[in-house]
Every structure is written in C-alpha cells, then in structure tokens.
Amino acid sequence: MNNIPIFLSSDNNYSPFIATTIASICDNTKSFCNFYILDNEIELKNKTKIGKLKEQFNNFSIEYIKIDTQKIFKNIDYKNNEYISLATYNRLLIPNLKPELKKALYLDIDIIVLGDIQKLYDINLEQYIIGAAWDKSRALYNTDTKELMELSDNYKYFNAGVLLIDIPKWNKNKVTNQLFELEKKYKKNILHADETLLNKYFDNNYKIFDIKFNYTDYDVLNHPTNDIVIRHFASSIKPWTANFSILNKKITPLKNFDDFWKYANMTEFKDEIKNMYNKNINKSVFTKQIAKRFKREL
C-alpha cells in the first residue's frame, strides 16, 4: 500500500473540523496518509491542537502550505454566495503545488470518513483527469448551472467536495489556467465558485464514482443507505450547529450526527465544538424545540 496524499483547505476558524476530519480518516484507514493543509492564516496554537492527534494515531503526517488568498485570487470578485469564501478556490491550485504527485485526494472539511479511504484512492481514473460523485439529487440546483454556464445536454453535475485528481494530466492540460479563463468569461453566472467552474470545464468528462464516496444530505433524502465511506454534511445545517436536518420542508434527525461527535470528541477541540453546538441550538425557540425532539448525547 502506498501513502495516500490528501489535501484539505481551511482558515483558522475551521481548524476544529480539520482535526475531526483527520481523526475520522486515520481511525478507518490502514494506509499512511500524507495530509497537505492549504493554510489560510491558521494560528500556531490550533496547529498544535491538530498535531495532538499524533498521540492517538501513527498513520499520518501533516504539511501546511501557506496560501495568500487575497494575492493569488485578487482578480476574482466572487459575491454570488455569501456562505462561500474566496478560500474555496484553493483546491484549483493543488496540482501546481505538488506536481511530483501522481494522484491526490481533495476533501472538504465538513466531512467525516466512515470507511477505508484507500477504496476511493484506488479507483482507476482511466483516461480522465478527475473523479467525482455525480450529484444527481439536486436537479433544480443543477439546472440553474446548466443554463447559466452553457453546459452540454448530457451534463452530470458533481459536488466538488470530494475529488480524485490525476496530477500529471491536470498539469499537462493546464487546467488551472483554463479554469481562471472560464471565471473571467462567466463571472456573473457563477453560482457556486470553483465548483461551478469545475463543472463547466469537465461537464460530463470525468470518472463518476459511487455516491457512497460523497454521501450528502440530499442523498440521505433521495437514496437512503448505510453503505457510506464518506459522509459529507453539504447542506447549511452541520452537526456542530444542529442535530436535525431540514430538506424539502421535511425535518428529520441528522444522519451520522453521532458519528461526527465520535470523532470530534477525539480532538483537542471537543469543548470548543460543543460550545458552538450549544450556542446554535439555543439561539432560538424554534431550534431548541426541534433539537429537543431529536435529543442525543454529545
């Protein structure tokens, strides 16, 4: 088994979730994982807390790669979604940052891993530059992007929170440069930052892997299963903000809430994350009442 290169991206505020994601990966993966963290001003004290996971796991290393977001992305004026920060574009830099790698994973940090991530890394990309999960659960979301970005009729929109990347092919095709050219062309039509750009560039030309490798809240609603390797809390409600989910006006318990807290409790941030949760739950009578319906121990 080879070492698995895994890229994560975060600013200082999301440090607790870097640690939670790493704990979940290391707890379920036999191989050694090389984590590359695209670093937007993560404080030393938080890096130290993340590093404390070494006391529990011996199958990982961490390299922080400093990213000057404001400088690198100075020509991007992204304002179409208030919930997405400019730092999301960091993932477009990965193949240029580590060109010596043959293949690498990118993961968002609102993710926990529930199975051996080697299964995803070992997928054969064949002739494709990237692999991703077809996000067929969000038809309207996808239709908007199709019209605005002039996608093909047989497009298959993917969620960019989990990517498997062929580094040499990406660099050979100068994909990063082409993505930024697309950003200039479609600037006003980009609904979801770099995810929209990636879908425009790759359209239906990518290796589709099973949704168990990027299982979102939308999949919980439309494709219920317990065969999950990667659980992605991709909606606006996260397990550190609530224990319930609201999709299509339906309120249900948040799936894998307990799994998230299993790994959050392994980190040095556990008390900080609990405080976040309690603050969010108590911010309104509405959320308190719903949370009480689905009460679970943290």
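The values are calculated or read from the model by the stated rules, or taken from the named source; none is laboratory data. Please read all numbers here as calculations on a predicted model, not as lab measurements. Using ideal geometry, Cβ is built from the backbone for each residue, glycine included, and neighbour counts are taken over all protein chains shown.
Quick notes
- Total residues in region 236-266, condition assigned to a loop (DSSP other than H, G, I, E, B), of a type in the set (S, T, N, Q) and over 18 Å from ASP27 (Cβ atoms): 4
- When LEU221 is tested against (1) modelled with pLDDT of 90 or more; (2) part of a helix (DSSP H, G or I), just one condition goes unmet, and that condition is (1).
- Some residue of region 40-49 being assigned by TED's automatic domain parsing to the domain that holds ASP116, under 22 Å from ILE273 (Cα atoms), in a strand (DSSP E or B) and under 20 Å from the mean Cα position of the chain (by Cα): yes
- Scanning region 202-218 for residues that are touching a helix residue (DSSP H, G or I) at 6+ places or on another chain (Cβ under 8 Å) and part of a helix (DSSP H, G or I) gives ILE211, PHE213.
- Selected residue (only one of ASP258, ASP219, ASP203 is buried (at least 21 other Cβ atoms within 10 Å of the Cβ) and in contact (Cβ under 8 Å) with a residue 12 or more places away in the chain): ASP219
- Top-ranked residue of region 267-298 - restricted to ones that are part of a helix (DSSP H, G or I) and aromatic (Phe, Trp, Tyr), ranked as surrounded by the fewest Cβ atoms within 10 Å (Cβ to Cβ): PHE286
- When ILE67 is tested against (1) surrounded by 21 or more Cβ atoms within 10 Å (Cβ to Cβ); (2) modelled with pLDDT of 95 or more, exactly one condition is not met: (2).
- A count restricted to region 176-200 and to residues that are without any contact (Cβ under 8 Å) to a residue 40 or more places away in the chain and either touching a helix residue (DSSP H, G or I) at 6+ places or on another chain (Cβ under 7 Å) or not assigned by TED's automatic domain parsing to the domain that holds ALA133 (or both) stands at 3.
- Output for region 32-52, where each listed residue is hydroxyl-bearing (Ser, Thr, Tyr) and crowded, with 16+ Cβ neighbours inside 10 Å: TYR36
- Helices (runs of 4 or more DSSP H) (entirely within region 106-201) containing at least 2 residues that are among the aliphatic types (A, V, I, L, M): 139-149, 175-186
- Being surrounded by 15 or more Cβ atoms within 10 Å (Cβ to Cβ), in contact with a helix residue (DSSP H, G or I) (Cβ under 8 Å, 6 or more places away or on another chain), of a type in the set (Phe, Trp, Tyr) and modelled with pLDDT under 95 is a property that does not hold for PHE233.
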